[in-house]
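Presented below is the structure to which this report refers.
The values are calculated or read from the model by the stated rules, or taken from the named source; none is laboratory data. Fair warning: this is a prediction, and the values are worked out from it, not measured in the lab. So basically every Cβ, Gly included, is an ideal-geometry build from the backbone, and we count neighbours across all protein chains shown. For accessibility, only protein heavy atoms count, side chains too; no ligands or nucleic acids. Shrake-Rupley method; radii C 1.70, N 1.55, O 1.52, S 1.80 Å.
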Amino acid sequence: DKKKVKKLAKSFDAFLCSDTLIKQIPRLLGPGLNKAGKFPTLITHTDDIEAKVVDLKSTIKFQMKKVLCLNVAVGHVNMPEDDLAQNVHLAMNFLVSLLKKHWQNVKS
């Protein structure tokens, strides 16, 4: 059911899945999770689950559609200023590397 898949995708930030189950997810859930941008991340039996969760929490996604503005979370309130500045630089450089004309497409 599409509504249940949509509700499931909204209720969680990310999904982890084993390699045997990940092959069945498109057949069972359809394109719902993929459209929501929350297709499960592959985890094997040798992976450290806590490390994978921390990695997922610290990952940001740039979702650009037809708008000219982009908002991205790069830290939290309790982070030191140096870490925040480093995160901003990393996010900006990565975003610019995705653009066709690089820095020529960026305005302040």
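One residue stands out among those in region 31-59 that are under 15 Å from Cys17 (Cβ atoms) and among the basic types (Lys, Arg): the one that is nearest to the chain's Cα centre (by Cα), which is Lys38. Could you list, ordered by first residue, the pairs with Cβ atoms under 8 Å in which the first is in region 29-54 and open to solvent by 50 Å² or more (accessible area, probe 1.4 Å) and the second is modelled with pLDDT under 75, at least 6 apart or interchain? Qualifying pairs under 8 Å: Phe39/Leu33.
Checking each residue in region 1-49 for being in contact with a Leu (Cβ under 9 Å, 6 or more places away or on another chain), of a type in the set (Ser, Thr, Tyr) and not in a loop (DSSP other than H, G, I, E, B) picks out only Thr41. Of the residues examined, Phe15 is one that is at pLDDT 75 or above, open to solvent by less than 50 Å² (accessible area, probe 1.4 Å) and under 28 Å from Met92 (Cα atoms).
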